[in-house]
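The values are calculated or read from the model by the stated rules, or taken from the named source; none is laboratory data. Since this is a predicted model, take the numbers as computed values, not measurements. Counting neighbours? That spans all protein chains shown, and the Cβs are built from the backbone with ideal geometry, glycine included.
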Amino acid sequence: MPASPSLHLAIFARAPVPGSVKTRLIPRLGAAGAARLQEQLTRMTLQRACSLPDAGVTLWIAGPLDDPSVMRAARTFGVAVRAQHGDDLGDRMLNAFEATLEEPGSMLLIGTDCPAQTVADLERARKALQSADAVLQPAEDGGYVLIGMKRPQRALFAGIPWGTERVLDATRKQAVRHGIALAELATTWDLDRPADLDRARKRGLIDEASLA
């Protein structure tokens, strides 16, 4: 049997069902265009994750696992697909960590909303876990776009005001309160609003014309 990877890399994504993804961009792109953006971002994230050496990548989906674009992406990149489950984002992330870290190694979890994230960011996060219990990559909006750990740290997902600008601050406070050594990467930004789409387009990260 092949050896387990030393790093597990989980990607949290939504199935690109029109009307249920990138809803704040629907007025600009339309429901179908917003879904195509979600699909494009997911494929970009898979490309980044699969470029990291010696990492086992898994795609964790919210929504139908048999969505055609999800199945195509899984085949293209050769990754397993699993269902997210839990009452809120914290529960879903913790469940993924607990399910994955039954096997040896460390784990990073990323979303699909950060086209500015790089393979070098993932490598820095992996290295940070050599000395830290957990690692975050902060986002400009007060959340984070990456979290990693060597074993599940339940405290980092408890009492967090998910979906607000207080997520990062609350997570830091939980780390201090529970004696969790937390490393942080440089802050980046995610793509959620029209201004973010403009930023990504100007930097050549997204081809908006392909979304029409």
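The conditions are (1) within 12 Å of the chain's Cα centre (by Cα); (2) more than 15 Å from Leu46 (Cα to Cα), and Pro115 fails exactly one of them. Which is it?
The one condition Pro115 does not meet is (2).
Could we say that Thr23 is of a type outside the set (Gly, Ala, Ser) and more than 16 Å from Ala74 (Cβ to Cβ) here?
yes
Listed residues Leu146, Leu108, Leu168; which is closer than 29 Å to Glu39 by Cβ, assigned to a helix (DSSP H, G or I) and hydrophobic (A, V, I, L, M, F, W, C)?
Leu168
Evaluate the following for Thr118: is it surrounded by fewer than 19 Cβ atoms within 10 Å (Cβ to Cβ) and of a type in the set (S, T, N, Q)?
yes
Can you name the residue in segment 151-174 that is among the β-branched types (Val, Ile, Thr) and surrounded by 17 or more Cβ atoms within 10 Å (Cβ to Cβ) and is also nearest to Arg126 (Cα to Cα) among such residues?
For segment 151-174, the residue satisfying everything is Thr171.
For residues that are over 16 Å from the mean Cα position of the chain (by Cα) and among the hydrophobic types (A, V, I, L, M, F, W, C), scanning just segment 45-72, find the one that is nearest to Phe157 (Cα to Cα).
Of everything passing the filter in segment 45-72, Leu65 is nearest to Phe157 (Cα to Cα).
Within segment 190-206, which residues are in contact (Cβ under 8 Å) with a residue 24 or more places away in the chain and either in a helix (DSSP H, G or I) or within 16 Å of Gln38 (Cα to Cα) (or both)?
Asp190, Leu191, Asp192, Arg193, Pro194, Leu197, Ala200, Leu205, Ile206, listed by residue number.
Go through segment 78-94 and give me each residue that's over 16 Å from Ala15 (Cα atoms) and either outside any helix (DSSP H, G or I) or touching a strand residue (DSSP E or B) at 6+ places or on another chain (Cβ under 9 Å) (or both).
Gly78, Gly86, Asp87, Asp88, Met93
From the list Leu41, Leu9, Leu59, which residue is modelled with pLDDT of 95 or more, in a helix (DSSP H, G or I) and crowded, with 21+ Cβ neighbours inside 10 Å?
Going through Leu41, Leu9, Leu59 in turn, the sole match is Leu41.
Answer with yes or no whether Ile180 is buried (at least 17 other Cβ atoms within 10 Å of the Cβ), assigned to a loop (DSSP other than H, G, I, E, B) and out of contact with any helix residue (DSSP H, G or I) (no Cβ under 6 Å at 6 or more places or on another chain).
yes
Checking Ala120 against (1) touching a Leu at 6+ places or on another chain (Cβ under 6 Å); (2) of a type in the set (Gly, Ala, Ser); (3) assigned to a helix (DSSP H, G or I): exactly one of these is not met. Which one?
The single condition Ala120 does not satisfy is (1).
For Leu52, are the conditions met, namely being touching a helix residue (DSSP H, G or I) at 6+ places or on another chain (Cβ under 9 Å), aliphatic (A, V, I, L, M), part of a helix (DSSP H, G or I) and touching a residue at least 40 places away in the same chain (Cβ under 8 Å)?
Here the answer is no, as Leu52 does not meet what is asked.
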